Structures are given as structure tokens and as C-alpha cells.
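*Asks:* Just dropping this structure here.
The values are calculated or read from the model by the stated rules, or taken from the named source; none is laboratory data. As the structure is a prediction and not an experimental result, all values here were calculated from the model. Counting neighbours? That spans all protein chains shown, and the Cβs are built from the backbone with ideal geometry, glycine included. For accessibility, only protein heavy atoms count, side chains too; no ligands or nucleic acids. Shrake-Rupley method; radii C 1.70, N 1.55, O 1.52, S 1.80 Å.
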Amino acid sequence: MLISPLGDSAALIRLGDGVDEAMSARVRALVQELERDPLSGMCDVVPAFASVAIFFQRPRADVAALEEEIATRVARVESNVTLPLPRTREIPVCYGGEFGPDLDEVARQAGMSADEVVAAHHGAEYLVHAIGFLPGFPYLGGLPPRLATPRRRTPRPEVPAGSVGIGGAQTGVYPIASPGGWNLIGRTPLKLFDASNEETTWLRAGDRVRFLPLRASEFRPIAGANLKAPQPQGEPGCEKQELVGASNTITMRRAGMLTTVQDLGRTGHRREGVPLSGAVDAFALRLANLLVGNAEEAAGLEFTLVGPEIEFRAGALVAVCGGDFGVPCGRPFGVRAGETLRLGPARSGCRGYLAIAGGIEVRPVLGSRSTYVRASLGGCGGRALQDGDVLPIPRVTRRVLGRWRIDSRILPEYSPEPEVRVTAGVHADEFAASWDGKEFEVTPQSDRMGIRLRGGEVVREKGGELTSIPLAPGTVPVSYTHLRAHETK
């Protein structure tokens with residue numbers, strides 16, 4: 001067993017190197033024990049192929065005590081554990097054609113016909129090792145070795161929901177539309193993730209899976225039935241009709257660029273593939289909230305490069321932090337009823353944050369108001385705000401006490417050429433340190449999920465594929481498309 005830090009608020013327990021059913025059982029047993037007896041401050045535990053990641057609400061500096069706590073849980077698992085009986089799930093799949101555009105290429109690389117690939121794929125039984133990458137995305141072991149196919153050199157910008165793919169020696173199903181580099185051989189009409197259900201993911205680690213061939217004529221009726229999902233109930237959202245005319249609202253006269261409702265994110269759902277989400281610049285949102293008397297985790301607005309124009313139907317106390325968007329930064333100020341707050345293009349930095357006293361009262365989803373656009377979760381219908389959207393805010397009266405502001409020395413510098421400090425990651429010894437100190441450029445393919453960098457090859461010192469592990473925010477991953485094998489190894 002090896003224990004490695006994943007930043008200062010997470011730890012990775014590596015139980016070995018094998019990827020098989022015995023290792024999967026050990027991983028699930030440890031997760032079960034950690035759920036039964038959580039570590040101090042633990043908020044998430046995530047199983048992977050041969051490792052378990054533990055996430056904490058706050059940084060854990062007591063490394064020795066943490067290692068002792070983990071060792072105690074592992075010892076219990078090794079001595080006595082009983083896992084629940086596995087479930088068997090059947091997934092209908094339309095193979096080939098418009099549903100599986102890469103089927104013929106997989107067949108060519110395997111030296112088989114397309115029909116033989118289909119027969120081999122649905123003839124096997126698979127084990128769900130982990131859920132990750134996307135909400136409900138299953139990493140399935142058990143792919144027949146002949147079907148193993150390298151990932152596409154150029155990922156698709158958009159893979160349809162339900163697509164069944166092969167990536168290396170694994171197969172999996174894309175539960176929502178997203179970019180992806182796996183070879184698509186078919187598609188299922190089943191809905192593998194639904195935040196409105198008590199059990200949000202249709203699959204979980206330890207399940208057995210079988211694929212069943214489905215005729216194209218049967219696909220759309222099943223898909224249509226699965227689209228009729230119940231809407232989550234709770235507090236108001238940003239529905240225009242029900243909020244127009246209310247006095248405790250704000251209206252987006254101009255939505256700006258990628259303006260979303262964000263808080264500090266949703267915890268407890270990483271094992272379902274649901275990311276933390278929340279503010280990219282969490283420090284800026286926390287500071288803005290504190291300036292107006294909110295709890296640090298209250299929901300505010302995040303905007304990117306171009307700020308919004310917002311009309312306030314009632315007076316409010318607000319604060320803006322993050323980049324410079326042309327309004328006072330780092331101090332609270334009042335906005336009167338009927339006034340419009342205009343946030344212009346960024347003069348420095350990339351993202352800005354607006355906190356309003358009392359927060360923004362959109363409907364929480366999975367315990368958070370933060371917007372996760374890829375899966376249409378939280379915020380205003382799970383999407384970026386649009387012109388005319390109306391958002392509810394509480395009736396709060398807080399006066400500005402004098403003319404004060406945060407000392408600028410505690411604020412970060414938003415430089416166009418930032419230096420990023422890093423510590424060695426779990427796989428650092430697999431690579432030459434050729435990237436250290438080099439200059440990289442942020443590419444247009446960057447988004448809230450990750451910043452894609454361009455700036456040269458990263459040399460892999462060893463051969464073979466790395467076993468996937470859970471990642472923490474701030475991790476610097478290396479894409480397989482940017483690797484160059486060391487010439488002498």
C-alpha cells in the first residue's frame with residue numbers, strides 16, 4: 001500500500017498495480033469501510049482500478065495521523081469484509097452505422113469483420129471498475145483482448161450521449177454528450193445518469209454488465225421514453241415567467257460571456273462521476289461573499305472575459321472580486337433599486353465574481369447551486385445565463401459601513417504570463433522533467449473543466465499505459481496525444 005497526496009485536501013491510496021476482479025474487490029471493500037467509518041473531515045471517497053482517493057473539506061496537514069487512520073481502515077478490510085452481491089445490468093446497443101462510426105476501423109485493426117467485432121463485444125461479460133470522467137461514465141473491464149484498440153489521435157469535439165466506445169483495453173458508455181477520444185462502435189438509448197433520481201447513476205462499481213444487440217428501429221422509441229424524466233423540485237430557478245415582476249430579483253440585461261451561477265461546488269458525488277464544479281477561482285468568490293456578509297459558500301455569479309449588465313429591482317449590497325472588470329474591486333458597495341450594474345471587458349485576469357448580500361437563490365441540485373453545463377446541472381437550468389434571465393435574490397438590507405476595502409496585498413496578481421508553482425504528482429517519476437521551467441501557451445480548447453496547454457513534448461520514461469486514478473482540482477495531467485516515448489526505452 002502506498003499513500004500519496006493529491007494536493008493538500010486529498011490523498012490517494014494505491015493498493016497495487018493489478019487490474020483484475022480481485023483488486024476491484026479490495027478497492028470496493030476499502031470504500032465500504034471508509035463509508036462506514038469516515039476519516040476526520042472526509043467529504044468524498046472515490047474508487048478506481050487499483051486505488052482509492054479520499055477528499056477532505058479542509059487541508060490535512062497532519063500527515064502522520066492521516067496515514068495511521070488510513071492504515072487502520074485498510075487493516076480492518078484485510079481481516080474481515082463482506083461485499084454485497086453484484087448486480088447484473090443489460091445495456092441494449094445499436095452497433096455500427098450512424099450509431100457506431102468507428103466499428104469498421106476497430107474491425108480493421110483487429111483483423112476481424114464488423115459482425116465478428118459485434119459478436120465478440122456483446123458476447124463478453126464486463127465488470128464496472130469505476131465511474132468517472134463524466135457523470136455516470138462506467139470504466140468496464142473484460143473487453144476481449146482482440147478488440148483492444150488505441151484511442152483516436154484526434155478526439156471528437158462532441159460524442160453523442162449513449163455512445164459505446166473502446167479505448168485501449170477498456171470499453172465504456174458516454175452517458176452525456178461530451179468531447180471524447182474513444183472509438184465509437186454503437187449507441188444505447190438508456191439514460192445512465194439522472195440527477196432527479198435517488199440513485200443518480202444506473203451503474204455503480206462492482207456491477208456486471210452485458211450488452212445486447214438492438215435494431216435501429218427499436219432505438220428511438222426507447223430513447224424517447226427515457227427523455228421523459230421528472231423535473232427536480234425545490235427552490236425557484238431562473239424561470240422568466242414566474243419571477244418577472246417580483247421585487248427581489250435581478251435581470252440579466254446583457255448576460256456577458258459564460259456567466260453562470262456558482263458556489264463552492266457539490267461534494268459527496270465524485271464516485272458517481274459528478275465533479276466538484278463551483279467557482280474556478282474559489283478564493284475570489286469566497287472573498288466577495290465575505291465582503292457582503294455572506295457565508296463563503298453562498299452562490300454568486302462567475303463571468304469570463306466580458307462581464308454582464310444586471311438590473312436590480314431592489315437595493316442590494318454587492319462586491320466584485322477576481323479580475324478587473326472596470327468596477328470597484330475588493331470592497332462592498334450599494335446598488336439602488338432600478339439601477340443597472342455594468343461590468344465591462346476584463347482589464348486583467350480572466351474571470352470575475354459578483355456576490356450579492358444573501359446570495360442567489362436558484363434551486364440546489366445534488367446539494368449545490370453551482371452550474372455544471374456539460375451535464376445541465378444546477379444554476380439556471382444547468383446552462384450559462386442568457387439576456388433576459390431573471391434570478392431570485394433574498395430580501396436583505398445591509399448598510400455599507402464606511403468606505404473600506406480589502407488590503408490589495410492579500411489579492412493575487414492576475415498576470416498575462418503567470419508562473420504556476422507545482423509539486424510532484426503521483427506519476428511524476430514516469431516522466432522526464434523536461435517540462436519544468438518551460439513556457440506553455442493556453443489554447444482555445446480550454447474550458448472550465450481544464451486548461452489545455454501547448455508548448456512542446458513531454459517525454460515518457462517508461463512504456464505501457466498508466467493505470468487511471470482519480471484526479472483532484474489543480475492536477476496537471478498529460479494527454480496521450482502529447483507524449484513521446486523515450487528513444488532508448
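*Asks:* Working only within segment 342-391, note down all residues that are within 18 Å of Ala284 (Cβ to Cβ) and β-branched (Val, Ile, Thr).
*Replies:* Ile356, Ile360, Thr371
*Asks:* Would you be able to say whether some residue in segment 54-69 is surrounded by 13 or more Cβ atoms within 10 Å (Cβ to Cβ), within 30 Å of Gly186 (Cα to Cα), of a type in the set (Lys, Arg) and in contact (Cβ under 8 Å) with a residue 40 or more places away in the chain?
*Replies:* no
*Asks:* Which residue is nearest to Pro47 (Cα to Cα), if the candidates are limited to segment 161-206 and must be assigned to a loop (DSSP other than H, G, I, E, B) and of a type in the set (Lys, Arg)?
*Replies:* Arg204
*Asks:* Sticking with this structure for a sec: Tally time: how many residues in segment 331-349 are surrounded by fewer than 19 Cβ atoms within 10 Å (Cβ to Cβ) and either in a loop (DSSP other than H, G, I, E, B) or of a type in the set (A, V, I, L, M) (or both)?
*Replies:* Residues of segment 331-349 surrounded by fewer than 19 Cβ atoms within 10 Å (Cβ to Cβ): 331, 333-340, 342, 344-345, 347-348.
Filter once more, keeping what is either in a loop (DSSP other than H, G, I, E, B) or of a type in the set (A, V, I, L, M) (or both): 331, 335-339, 344, 347.
Selection size over segment 331-349: 8.
*Asks:* Let me ask something else about it. Please work out which one of (1) modelled with pLDDT of 85 or more; (2) part of a loop (DSSP other than H, G, I, E, B); (3) open to solvent by less than 60 Å² (accessible area, probe 1.4 Å); (4) not aromatic (Phe, Trp, Tyr) is the condition Leu391 fails and give its number.
*Replies:* So Leu391 meets the others, but not (2).
*Asks:* Applying the selection to segment 181-199, what residues are surrounded by fewer than 20 Cβ atoms within 10 Å (Cβ to Cβ) and more than 22 Å from Cys94 (Cα to Cα)?
*Replies:* Matches in segment 181-199: Ser196, Asn197, Glu198, Glu199.
*Asks:* If you go through segment 217-226 one residue at a time, do you hit one that is under 21 Å from the mean Cα position of the chain (by Cα) and open to solvent by 10 Å² or more (accessible area, probe 1.4 Å)?
*Replies:* Within segment 217-226, not a single residue is under 21 Å from the mean Cα position of the chain (by Cα) and open to solvent by 10 Å² or more (accessible area, probe 1.4 Å).
*Asks:* Which residues, taken from segment 304-318, are in a strand (DSSP E or B), within 14 Å of Arg253 (Cα to Cα) and open to solvent by less than 30 Å² (accessible area, probe 1.4 Å)?
*Replies:* The answer is Ile310, Phe312.
*Asks:* Which of (1) touching a helix residue (DSSP H, G or I) at 6+ places or on another chain (Cβ under 8 Å); (2) outside any helix (DSSP H, G or I); (3) surrounded by fewer than 15 Cβ atoms within 10 Å (Cβ to Cβ) does Glu158 not meet, given it meets every other one?
*Replies:* Only one criterion is unmet by Glu158, namely (1).
*Asks:* Still on this model: For segment 116-138, does any single residue satisfy the condition of being over 23 Å from Arg208 (Cα atoms) and surrounded by 14 or more Cβ atoms within 10 Å (Cβ to Cβ)?
*Replies:* Checked segment 116-138: no residue is over 23 Å from Arg208 (Cα atoms) and surrounded by 14 or more Cβ atoms within 10 Å (Cβ to Cβ).
*Asks:* Now a separate question. Among the residues in segment 60-80, are any touching a Gly at 6+ places or on another chain (Cβ under 8 Å) and under 24 Å from Gly273 (Cα atoms)? If you could, list the steps in order and put the result at the bottom.
*Replies:* First pass over segment 60-80, keeping only residues touching a Gly at 6+ places or on another chain (Cβ under 8 Å): 60.
Subsequent filtering for residues that are under 24 Å from Gly273 (Cα atoms) retains 60.
Among the residues of segment 60-80, at least one is touching a Gly at 6+ places or on another chain (Cβ under 8 Å) and under 24 Å from Gly273 (Cα atoms), which makes the answer yes.
*Asks:* Moving on. May I ask you to verify whether Gly141 is within 30 Å of Ser376 (Cβ to Cβ) and among the small types (Gly, Ala, Ser)?
*Replies:* yes
*Asks:* Being free of Cβ contacts under 8 Å to residues at least 60 places away in the same chain, of a type in the set (D, E, K, R) and out of contact with any Phe, Trp or Tyr (no Cβ under 6 Å at 6 or more places or on another chain) narrows it down to one residue among Glu302, Glu272, Glu296; which is it?
*Replies:* Glu296
*Asks:* Can you report the number of residues in segment 429-448 which are modelled with pLDDT under 80 and among the aliphatic types (A, V, I, L, M)?
*Replies:* 2
*Asks:* With open to solvent by less than 60 Å² (accessible area, probe 1.4 Å), out of contact with any strand residue (DSSP E or B) (no Cβ under 7 Å at 6 or more places or on another chain) and without any contact (Cβ under 8 Å) to a residue 60 or more places away in the chain as the only criterion, which of Arg73, Arg26, Arg36 stands out?
*Replies:* Of Arg73, Arg26, Arg36, the one residue that is open to solvent by less than 60 Å² (accessible area, probe 1.4 Å), out of contact with any strand residue (DSSP E or B) (no Cβ under 7 Å at 6 or more places or on another chain) and without any contact (Cβ under 8 Å) to a residue 60 or more places away in the chain is Arg73.
*Asks:* So if I check each of Ala107, Ala75, which one is at pLDDT 95 or above and either part of a helix (DSSP H, G or I) or in contact with a His (Cβ under 6 Å, 6 or more places away or on another chain) (or both)?
*Replies:* Step by step, each of Ala107, Ala75 is checked, and only Ala107 is at pLDDT 95 or above and either part of a helix (DSSP H, G or I) or in contact with a His (Cβ under 6 Å, 6 or more places away or on another chain) (or both).
*Asks:* So, in segment 267-302, how many residues would count as being modelled with pLDDT of 95 or more, open to solvent by less than 10 Å² (accessible area, probe 1.4 Å) and more than 15 Å from Gly322 (Cβ to Cβ)?
*Replies:* 1
*Asks:* So Phe440 passes all but one of these: (1) aromatic (Phe, Trp, Tyr); (2) open to solvent by less than 70 Å² (accessible area, probe 1.4 Å); (3) over 21 Å from Asn289 (Cβ atoms). Which condition number does it fail?
*Replies:* All conditions are met except number (2).
*Asks:* Looking only at segment 241-266, filter to residues that are modelled with pLDDT under 70 and either of a type in the set (A, V, I, L, M, F, W, C) or surrounded by 14 or more Cβ atoms within 10 Å (Cβ to Cβ) (or both); which one of those is nearest to the chain's Cα centre (by Cα)?
*Replies:* For segment 241-266, the residue satisfying everything is Leu243.
*Asks:* Can you tell me which residue is most open to solvent (accessible area, probe 1.4 Å) among those in segment 166-180 that are over 18 Å from the mean Cα position of the chain (by Cα) and either without any contact (Cβ under 8 Å) to a residue 60 or more places away in the chain or over 19 Å from Arg89 (Cα atoms) (or both)?
*Replies:* For segment 166-180, the residue satisfying everything is Ala169.
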